[in-house]
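A.B. asks: Below is a structure I'd like to ask you about.
Each value in this text was obtained by applying a stated rule to the coordinates, not by laboratory testing. Worth saying up front: this structure is predicted, and the values here are computed from it rather than measured. Here the Cβ is made from the backbone with ideal geometry for all residues, glycine too, and neighbour counts use every protein chain on show.
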Amino acid sequence: MKMLQAMMLFVATLVMAQANASTDALTDAQTEKLRERIKPVAEVCVQGDDCGGPVVVVASGPRSGEAVYNAACTTCHAVGVAGAPKKGDVAAWDKRLAKGFDATLANAINGLNAMPAKGLCMDCSDDELTAAIKFMSGRE
Ligand code: HEC
């Protein structure tokens with residue numbers, strides 16, 4: 001009888017362990033959400049580094065400001081890395097653009113302090129950079 005009780009306890013323990021295991025496991029969607037939550041806010045990449053390749057896929061025709069921003073500028077301009085003016089921070093962009101759009105565009109093309117030339121989007125045309133700046137500064 002003792003033996004039977006012991007076996008039932010053992011089986012019950014197994015069943016519970018099994019139940020726990022399945023509630024602990026995350027679904028793919030949960031894992032994806034978790035990854036999203038714990039990923040770094042931004043990664044800084046300076047000119048000359050191999051930064052996993054910026055990013056912009058060759059497309060036919062000019063890309064929209066939003067597409068260029070998402071592909072190449074968001075890393076720094078979403079959160080303001082190293083003093084980068086943030087997307088949608090109109091006041092910050094007003095100050096930048098006070099010197100004129102062309103001068104601001106020239107700084108984006110040539111680089112300015114921690115801002116790498118072309119924001120590392122080496123295959124971005126001037127028009128595409130213009131569109132990205134307009135998108136970031138809320139001037140679309
Ligand atoms: C590695 C980070 C980084 C990336 C990527 C980046 N920027 Fe910047 N950007 C900066 C920083 C930092 C500044 C502020 C520089 C300063 O004033 O010292 C800045 C400033 C600027 C300015 C203002 C220049 C001025 O004259 O005041 C423009 C325009 C700009 N970025 C455009 C872009 C565009 C367009 C992209 C994407 C194609 C981009 N940036 C990608 C970091 C970045």
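A.B. asks: Neighbour counts of other C-beta atoms within 10 Å: give me LYS33, LYS134 arranged from fewest to most. Numbers along the way, then the final one.
C.D. replies: Details: LYS33 12, LYS134 17.
Final ranking by Cβ density, sparse to dense: LYS33, LYS134.
A.B. asks: Can you check how the C-alpha radius of gyration of the stretch 65-137 compares to 2.2 N^0.38 Å, as a plain ratio?
C.D. replies: For the stretch 65-137, the normalised Cα radius of gyration comes out at 0.95.
A.B. asks: Hey, another quick one. Spin-label point model (7 Å from Cα, Cβ direction): what's the ALA25 to VAL11 distance in nm?
C.D. replies: 2.3
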